[in-house]
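Please treat every number below as a calculation from the coordinates, not as lab data. Note that the structure is a prediction, hence the values are computed from the model and not measured. Counting neighbours? That spans all protein chains shown, and the Cβs are built from the backbone with ideal geometry, glycine included.
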Amino acid sequence: MDRNVRRLLNRVSVVFATIATASLFHLFHHSSRTCFSSSSSIVYSHLTLSRSPFPKSSCDAFSRRVSAPETRFVKLRSSRSYLRRVHSLSGSVFDQIRSLHLLSNSSHVLCVSAGAGHAVDALQNSGVMDVTGVDLIDYPPLVKRADPHNLPFFDDVFDLGFSDGLAGALYPLRFVSELERTVRRGGAVVLVVATKVAEVDEVAGLFKRLNLLEVRSVNLDGSKMNLIIMKNNGTKSS
């Protein structure tokens, strides 16, 4: 009985394998080997883009133009949301830092967790040309790739360190430690945080060498934020 069952199962397996093989040969011989129609003189540069958000086939994906990173960045920089953020940083943040004489056109500035480069753009537009922007993902030409928890810079090389990305830091203490390490004596670190005033001391307590200079409330792109300004006086006051 068992021998008969095994024979039957073997025959069924052979039948299904034959059907599958025949199906593959059929698909191979009846499918197009190219995304171009044989009766059409379509040129790659004139292919029509699909209206659907995702390609439905390999040919659909093949027909889509891929924009270069530089092209995508130009489009982003011309968008209303990008320009609004840059304008807000210029007026609400960097103008106030200038009023405290912590920023000038000759300042050497580091922007950490710079995203798409809003802060870098705002600083350069205001006349500060020596600006370095870094983040985990580079966004050329304004932002280079670097780990905010392990910055590739020597100690005491920047006049100003700026970041509005502390809330997204995986290790806030390490994030702050690296930021203050790179700022020279007499320089400053400025953080933009959406924290309550009662929590400012907790943020300032993350710094080991810098002293709290001032806290200001700012409206950044329609959101109320706190500007925490730390000054490197050489020694941490008790």
**Request:** Return the sequence-ordered ³J(HN,Hα) values of segment 225-237 in whole Hz as given by the Karplus equation 6.51 cos²θ - 1.76 cosθ + 1.60 applied to θ = phi - 60°, using x for Gly and Pro.
**Result:** 10, 10, 9, 9, 10, 10, 10, 8, 9, x, 9, 7, 6
**Complete:** Excluding residues fewer than 8 positions from LYS236 in its own chain, the lysines with Cα under 16 Å of it are LYS208
**Message:** Give me the percent relative contact order of segment 106-210, please, defined on Cα pairs under 8 angstrom at least 6 residues apart.
**Reply:** 25 percent
**Asked** Each residue of segment 164-179 in order: what ³J(HN,Hα) in whole Hz does its phi give by Karplus 6.51 cos²θ - 1.76 cosθ + 1.60, θ = phi - 60°, with x for Gly and Pro?
**Response** 10, x, 4, 4, x, 6, 5, 10, x, 5, 5, 4, 5, 4, 5, 5
**Prompt:** If amide H atoms are built 1.01 Å from N in the plane of the peptide, which residues on other chains or at least 5 residues away come under 5 Å of the amide H of GLU214?
**Reply:** ILE229
**Request:** Sequence neighbours fewer than 8 away in the same chain don't count; with that in mind, list the aspartates and glutamates whose C-alpha is under 20 Å from LYS224.
**Result:** ASP95, ASP164, GLU199, ASP201, GLU202, GLU214
**Message:** Calculate the FRET efficiency for GLU202 and SER237 from the Cβ-Cβ distance with a Förster distance of 22 Å, rounded to the nearest 0.05.
**Reply:** 0.80
**Asked** Between ARG77 and SER217, what length comes free when the chain is fully extended (0.36 nm per residue of separation minus the Cα-Cα distance, one decimal in nm)?
**Response** 47.7 nm
**Message:** How would segment 99-222 be classified by its alpha-carbon gyration tensor: rounded, prolate or oblate, with rounded meaning a/c under 1.5 and the a/b versus b/c comparison settling the rest?
**Reply:** rounded
**Relative contact order computed over segment 109-164 (Cα-Cα under 8 Å; 6+ residues apart), in percent** = 41 percent
**Item:** Whole-Hz ³J(HN,Hα) from phi, Karplus 6.51 cos²θ - 1.76 cosθ + 1.60, for segment 150-159, glycine and proline x
**Value:** 8, 5, x, 10, 6, 5, 6, 10, 10, 7
